[in-house]
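Working notes for the structure below.
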Amino acid sequence: IYAFTVWFFSYLIGTVWGACQGYLGGKWDLIGSRLVEVFEMMPQLLLLITLISIFEPSIYLLVVFSVIFDWTGIYHYMRAQFLQLRHREYVESARVLGASHSQIIFKHILPNAITPLITFSPFSIAANISGLALLDYLGLGMRAPTPSWGELMAQSQKYFTVAEWLVWAPSIALLLVMVSLIHIGLAVKAAIAAEEL
């Protein structure tokens with residue numbers, strides 16, 4: 001739930017902001033890009049760990065804090081897509097025919113700019129899963145009895161010499177999910193590349 005929720009809201013915010021900047025261009029794009037660059041210069045992992053350690057961990061706080069620092073990844077791709085597509089012939093034709101900005105964005109540009117969203121989604125979900133497992137392992141994520149692979153690994157490492165399977169089971173499960181998502185992402189990327197050819 002955590003990984004999909006963070007992926008959804010991060011991609012939603014990044015897509016909206018990147019689309020607005022790429023579509024408007026000019027000074028709005030310049031100012032917005034500088035603000036994003038300043039935001040990205042902050043030590044995001046350190047700030048995330050600090051914020052989580054201050055507040056009582058909950059799934060809602062983890063989602064909010066993760067989304068705050070995760071949306072810039074897709075933002076750059078969507079901004080580039082809109083900057084590239086806003087001057088295409090079909091967009092200019094729609095503008096001449098009197099289409100509104102929202103119609104141009106949602107009917108003509110966005111459907112042709114969703115390639116990054118589809119391609120990078122499995123990788124983003126995999127990164128969110130591994131990030132939560134790391135936070136849980138360090139004791140900064142969800143607390144017991146909430147089930148978590150990171151929490152299971154943290155609890156079972158003290159029994160590694162007598163019951164090593166307690167460590168291997170969540171580790172292998174996490175590895176299989178990560179590998180599966182990465183292969184799904186690579187397959188989607190290859191399929192889109194073949195379709196474009």
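Can you tell me which residues in segment 127-145 are more than 18 Å from Leu48 (Cα to Cα) and either open to solvent by less than 20 Å² (accessible area, probe 1.4 Å) or touching a helix residue (DSSP H, G or I) at 6+ places or on another chain (Cβ under 8 Å) (or both)? Don't jump to the end; show me each part of the working.
First pass over segment 127-145, keeping only residues more than 18 Å from Leu48 (Cα to Cα): 144-145.
Matches in segment 127-145: Ala144 only.
With the condition kept exactly as written, say whether any residue in segment 39-47 is acidic (Asp, Glu), out of contact with any helix residue (DSSP H, G or I) (no Cβ under 7 Å at 6 or more places or on another chain) and in a helix (DSSP H, G or I).
Pass one, segment 39-47, residues acidic (Asp, Glu): 40.
Checking the rest, the ones that are also out of contact with any helix residue (DSSP H, G or I) (no Cβ under 7 Å at 6 or more places or on another chain) come to none.
No.
When you go through Ser156, Ser121, Ser130 one by one, which is the residue that is free of Cβ contacts under 8 Å to residues at least 40 places away in the same chain and hydroxyl-bearing (Ser, Thr, Tyr)? Spell out the reasoning first.
Values: Ser121 fails: free of Cβ contacts under 8 Å to residues at least 40 places away in the same chain; Ser130 fails: free of Cβ contacts under 8 Å to residues at least 40 places away in the same chain.
None of the other options fit; the residue is Ser156.
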Single residue of segment 32-88 satisfying the filter (aromatic (Phe, Trp, Tyr) and without any contact (Cβ under 8 Å) to a residue 40 or more places away in the chain) that is most open to solvent (accessible area, probe 1.4 Å): Tyr60
Segment 159-168, residues that are modelled with pLDDT of 80 or more and open to solvent by 80 Å² or more (accessible area, probe 1.4 Å): Trp168
Scope segment 54-109; condition part of a loop (DSSP other than H, G, I, E, B), of a type outside the set (S, T, N, Q) and within 27 Å of the chain's Cα centre (by Cα); matching residues: Phe55, Glu56, Pro57, Trp71, Arg86
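Restricting attention to segment 111-120, report how many residues are open to solvent by less than 60 Å² (accessible area, probe 1.4 Å) and either modelled with pLDDT of 85 or more or over 10 Å from Phe82 (Cα atoms) (or both). Lay out the reasoning, then the answer.
At the first step, the residues of segment 111-120 found to be open to solvent by less than 60 Å² (accessible area, probe 1.4 Å) are 113, 115-117, 119.
Next, only the ones that are either modelled with pLDDT of 85 or more or over 10 Å from Phe82 (Cα atoms) (or both) stay: 115-117, 119.
Qualifying residue count, segment 111-120: 4.
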Pair list, Cβ under 6 Å, 6 or more apart: segment 11-24 residue among the hydrophobic types (A, V, I, L, M, F, W, C), other residue open to solvent by less than 10 Å² (accessible area, probe 1.4 Å): Trp17/Tyr75; Ala19/Met78; Ala19/Phe82
So Leu138, is it out of contact with any Leu (no Cβ under 7 Å at 6 or more places or on another chain), closer than 25 Å to His76 by Cβ and hydrophobic (A, V, I, L, M, F, W, C): no
Checklist (1) in a helix (DSSP H, G or I); (2) surrounded by fewer than 18 Cβ atoms within 10 Å (Cβ to Cβ) applied to Gly150, failing item: (2)
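The values are calculated or read from the model by the stated rules, or taken from the named source; none is laboratory data. These numbers come from a predicted model, not from an experiment. In this analysis, Cβ positions are derived from the backbone assuming ideal geometry, glycine residues included, and neighbour counts consider all displayed protein chains. The accessibility values were calculated without ligands, DNA or RNA, using every heavy atom of the protein model including side chains. Shrake-Rupley method; radii C 1.70, N 1.55, O 1.52, S 1.80 Å.
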